[in-house]
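Colleague: Before we start, here is the structure in question, set down as structure tokens.
Taken together, the values in this text are just the output of simple stated rules run on the coordinates, not laboratory data. Treat the numbers as computed from the prediction; the structure is a model and nothing was measured. Reconstructed Cβ throughout: ideal geometry from the backbone, glycine too, with neighbour counts over all protein chains shown.
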Amino acid sequence: MKTWVKIVLGLIVVGIVAGLLVFKFVYNKQHPDYENVEAAYTVTAQDFYNDYKTDKNAAATKYNGKMIALTGKLSKVETVDSLVTAVFVFNQGDFGDEGVRCTMLKKFNDAADKLQPDGEVKVKGFCSGYNETDVVLEKCSIINQ
Amino acid sequence: MRTTSFFLILVLMTALSGNAQKYITKTGYIKFYSASPLEKIEAHNRQVNSALDISTGGFVFKVLMKSFEFEKALMQEHFNENYVESDKFPSATFAGKVTNIKDVNTGKDGIYEANVEGKLTLHGVTKDIKQKGSFEMKQGRLIGKAKFNIAVADYNITIPGNVGNNISKTIEVTVDITLDKANM
């Protein structure tokens, strides 16, 4: 086989491999494995909520879009369809209870359902921000203490 | 400004109705859908705050942009970082009225047409919108539904040329919320 043919074939193979890699890791890349993402901050649920109440812009810059681990006394667990939410209540407002709402990864729905109100828990989730009534954590997992 | 108006409406709703007849949810659902010849793009948000005051018709929504979930991680990244800039504009709000609220009989199960008018704030831009939807009264709960289109350019959302063909210029928005009577 002539050298230039080898070079062209080689380049085509490299091109195909590069294309497949771009497809897999860029275009079709997976969502993070939320359960195994390390928490950027570990705080008490009360301090976390207070940070947003005190200065929501500073808190948003610090926490929004990051993985946050919270510790505290759970107030209740709510279930709507397949969405299970562990709730820390710290205030009352126009929307009733206000605090930190942690929606669970499906995998942790059953475990969250079994959490006892008033029990100490540690949960970890991706912070979506503060909607003027609650701070919302999503894709949450329960951390064994 | 957006949050102030959201709260002003809430305060107004409370003030106007001594006997607050308020229906609320924190787990409403909103879907974005964009269809183009190359690709369909869908995003789901199941963390929508909404309140309706039956006595005044006052109606508010608040949506955190980072709560929208896309099938593809890359789309979600582009949506947050390039299109809606969710670090800069973390939420979208609607504050307005159901103008024919008197037609919604909360004492009787049934489906009632709703005319909704108000201001939608998205990506830091506020526009008047007027849409039709429905409320279904069912076993003490009020199920609100609406489907409408918004033009991305109206909200200063620019889509780069190289991906512009993958995303249509209008986005279909579907709203589906189940409101419960507030205990207060």
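Colleague: If you take every DSSP beta bridge whose two residues both sit in the protein assembly as shown, what share of them, in percent to the nearest 5, is antiparallel?
Modeller: Numbers: 92 of 100 bridges.
Approximately 90 percent, going by the DSSP bridge assignments.
Colleague: Taking 0.36 nm per residue of separation and subtracting the Cα-Cα distance, what length does fully extending A:ASP118 through A:LYS24 add? Mind dumping the intermediate values first?
Modeller: Working: separation 94, 0.36 × 94 = 33.84 nm, distance 4.45 nm.
Extra length from A:ASP118 to A:LYS24 when fully extended: 29.4 nm.
Colleague: I would also like to ask the following. Taking the 0 to 90 degree range and rounding to the nearest ten, how far is the long axis of helix A:45-54 tilted relative to the main principal axis of chain A, both from C-alpha atoms?
Modeller: Tilt of helix A:45-54: around 90 degrees.
Colleague: Quick one: net charge around A:ASN28, please, counting Lys, Arg +1 and Asp, Glu -1 for every other residue with C-beta under 11 Å from its C-beta. Intermediate values should be presented prior to the final figure.
Modeller: Numbers: positive: A:LYS24, A:LYS29, B:LYS72; negative: B:GLU71.
Within the 11 Å Cβ shell, the charges total +2.
Colleague: Do any cysteines of chain A lack a neighbour Cys whose Cβ is under 4.7 Å away, and which are they?
Modeller: A:CYS127
Colleague: Give the value in nm², to one decimal: projected area of the alpha carbon convex hull of the protein assembly as shown, averaged over all directions.
Modeller: Numbers: hull surface 83.6 nm².
In nm², the orientation-averaged hull projection of the protein assembly as shown is 20.9.
Colleague: A follow-up question, please. Antiparallel versus total DSSP beta bridges in the stretch A:34-142: what percent is that, nearest 5?
Modeller: On the way: 26 of 34 bridges.
In the stretch A:34-142, DSSP labels about 75 percent of beta bridges as antiparallel.
Colleague: Please sort by residue number the chymotrypsin sites (Phe, Trp or Tyr not before Pro) in the stretch B:69-138 whose DSSP state is loop and whose Cβ has at most 12 other Cβ atoms within 10 Å.
Modeller: Numbers: sites: B:PHE70, B:PHE79, B:TYR83, B:PHE94, B:TYR112, B:PHE135; in loops: none.
The qualifying sites: there are none.
Colleague: Loop-only GluC sites (Glu not before Pro) in the stretch B:68-163, please: DSSP not H, G, I, E or B, and at most 15 other Cβ atoms within 10 Å.
Modeller: Details: sites: B:GLU69, B:GLU71, B:GLU77, B:GLU81, B:GLU85, B:GLU113, B:GLU117, B:GLU136; in loops: B:GLU71, B:GLU85.
For GluC sites (Glu not before Pro) across the stretch B:68-163 that sit outside H, G, I, E and B with at most 15 neighbouring Cβ atoms in 10 Å, the list reads B:GLU71.
Colleague: For the stretch B:38-184, report the convex hull volume of the alpha-carbon atoms normalised per residue, in Å³, without decimals. Show your work: numbers first, answer last.
Modeller: Details: hull volume 17.9 nm³, N = 147.
Spread over its residues, the Cα hull of the stretch B:38-184 gives 122 Å³ apiece.
Colleague: In the stretch A:110-145, what trypsin sites (Lys or Arg not before Pro) fall in a loop by DSSP, with at most 13 other Cβ atoms inside 10 Å? Please report the intermediate quantities before stating the final value.
Modeller: Details: sites: A:LYS114, A:LYS122, A:LYS124, A:LYS139; in loops: A:LYS114.
Sparse-neighbourhood loop trypsin sites (Lys or Arg not before Pro): A:LYS114.
Colleague: Can you show me the helix-derived [θ] at 222 nm for the protein assembly as shown, built from DSSP H runs with n ≥ 4 at -39,500 (n - 2.57) apiece and divided by the number of residues, rounded to the nearest 500.
Modeller: Working: 7 runs with 68 residues, N = 329.
One gets -6000 deg cm²/dmol as the mean residue ellipticity at 222 nm.
Colleague: Roughly how many nanometres apart are two label points built 7 Å out from the Cα toward the Cβ at B:LYS88 and A:GLU38?
Modeller: 3.2
Colleague: For Cα pairs less than 8 Å apart in space and 6+ apart in sequence, what is the mean separation divided by the residue count of chain A, i.e. the relative contact order in percent?
Modeller: Values: 245 pairs, mean separation 32.5, N = 145.
Computed value for chain A: 22 percent relative contact order.
Colleague: Percent of alpha carbon pairs in the stretch A:34-142 separated by more than 23 Å? Numbers along the way, then the final one.
Modeller: Numbers: 1076 of 5886 pairs.
When all Cα pairs of the stretch A:34-142 are counted, 18 percent exceed 23 Å.
Colleague: Putting +1 on Lys and Arg Cβ atoms and -1 on Asp and Glu Cβ atoms, find which of B:ILE101, A:MET67, B:ILE41 reaches farthest to the positive end of the dipole of the protein assembly as shown.
Modeller: With unit charges placed on the Cβ atoms, the residue in question is B:ILE41.
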